[in-house]
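Student: Handing you this structure, nothing more for now.
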Amino acid sequence: MKNTFYKPLGLLLAGAIVTGSIFSGCKSKEVTSVKDEVVVEVFCSGPEYRTDKNTFRANATGESTDMEIARKKASSNTKAALAAQIETTIKGVTDNYVNSREFNNVEEVEERFEALNREVVNQQLNNVKTICEKITKTKQGTYKCYMAIEMGVDALEEALNNKLSKDQRLKVDYDYEKYKETFNKEMEKLENSGGY
């Protein structure tokens with residue numbers, strides 16, 4: 001008789017301990033994973049706003065007590081980010097292209113390519129497209145503008161080709177097909193690395 005009374009009581013206690021540990025385990029995991037963290041939503045950001053092999057993209061913010069100045073700051077910051085990204089990519093293209101060709105004065109050719117590329121990038125920054133813009137007002141009363149812009153790779157490539165093929169110093173040795181092939185490889189590497 002003793003055995004039959006303690007057996008169900010023991011099972012009941014064991015069940016309560018297991019159930020309690022499951023609930024306390026779940027509860028502690030929830031608390032520790034978000035205890036000191038808050039999820040922040042960043043507007044105009046995420047995978048759909050990253051550069052891929054067909055489009056350069058950049059995003060940035062601007063903040064001011066004046067809404068228009070916040071927009072201008074965001075626009076300026078996104079263009080600066082886009083220009084830096086493009087220049088880095090084109091520097092890689094130029095280095096690879098020049099190294100694959102046999103030029104008489106490699107340093108001079110690289111400098112000329114870079115100067116022309118900078119000129120084209122600055123001109124093309126006037127043709128960017130705004131793909132996202134959100135304006136918020138902070139607790140401090142300032143305006144914050146989130147912005148994302150993009151520029152098509154084809155338009156940039158065409159502008160670069162026009163500039164490079166017309167340059168008197170480069171005209172003789174410039175090979176558009178080889179340059180385009182090098183450019184496309186660099187864009188694929190950029191996309192495979194997750195973009196900017």
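The values are calculated or read from the model by the stated rules, or taken from the named source; none is laboratory data. What you see is a predicted model; the values in this text were computed from it and never measured. FYI the Cβ positions are ideal-geometry reconstructions off the backbone, even for glycines, and counts take in every protein chain you see.
Student: Pairs, please: C-beta under 7 Å, at least 6 apart or cross-chain, first residue more than 20 Å from LYS180 (Cβ to Cβ) and in the stretch 105-129, second among the β-branched types (Val, Ile, Thr)?
Tutor: Final answer for the pair search is VAL106/VAL98; VAL128/ILE149; LYS129/ILE149.
Student: If you take the residues in the stretch 158-182 that are crowded, with 16+ Cβ neighbours inside 10 Å and part of a loop (DSSP other than H, G, I, E, B), which one is modelled with the highest pLDDT?
Tutor: TYR174
This table checks each residue for (1) assigned by TED's automatic domain parsing to the domain that holds LYS180; (2) at pLDDT 95 or above; (3) surrounded by fewer than 18 Cβ atoms within 10 Å (Cβ to Cβ); (4) in a strand (DSSP E or B).
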residue	(1), (2), (3), (4)
GLU63	yes, yes, yes, yes
THR89	yes, no, no, no
THR94	yes, no, no, no
LYS144	yes, yes, no, yes
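Student: Which condition does MET187 not pass, out of (1) in a helix (DSSP H, G or I); (2) at pLDDT below 85, if it passes all the others?
Tutor: Status for MET187: all satisfied but (2).
Student: Please indicate, with yes or no, whether at least one residue in the stretch 47-56 is loosely packed, with under 11 Cβ neighbours inside 10 Å and either more than 30 Å from GLU158 (Cα to Cα) or modelled with pLDDT of 65 or more (or both).
Tutor: The initial filter retains those residues of the stretch 47-56 that are loosely packed, with under 11 Cβ neighbours inside 10 Å, namely 47.
Going one step further and asking which of them are either more than 30 Å from GLU158 (Cα to Cα) or modelled with pLDDT of 65 or more (or both), we end up with 47.
For the stretch 47-56, residues loosely packed, with under 11 Cβ neighbours inside 10 Å and either more than 30 Å from GLU158 (Cα to Cα) or modelled with pLDDT of 65 or more (or both): present.
Student: Look through ILE131, ILE90 and report the one residue that is under 19 Å from ASP167 (Cβ atoms) and within 17 Å of the chain's Cα centre (by Cα). Reasoning before the result, please.
Tutor: Details: ILE131 fails: under 19 Å from ASP167 (Cβ atoms).
Just one listed residue meets the conditions, ILE90.
Student: Can you tell me which residue within the stretch 27-46, out of those that are aliphatic (A, V, I, L, M) and not in a loop (DSSP other than H, G, I, E, B), is modelled with the lowest pLDDT? Explain how you work it out, then say what you get.
Tutor: The first filter runs over the stretch 27-46 and keeps only residues aliphatic (A, V, I, L, M), leaving 31, 34, 38-40, 42.
Now restrict to residues that are not in a loop (DSSP other than H, G, I, E, B): 31, 34.
On the way: VAL31: 42, VAL34: 69.
Residue satisfying both the conditions and the ranking: VAL31.
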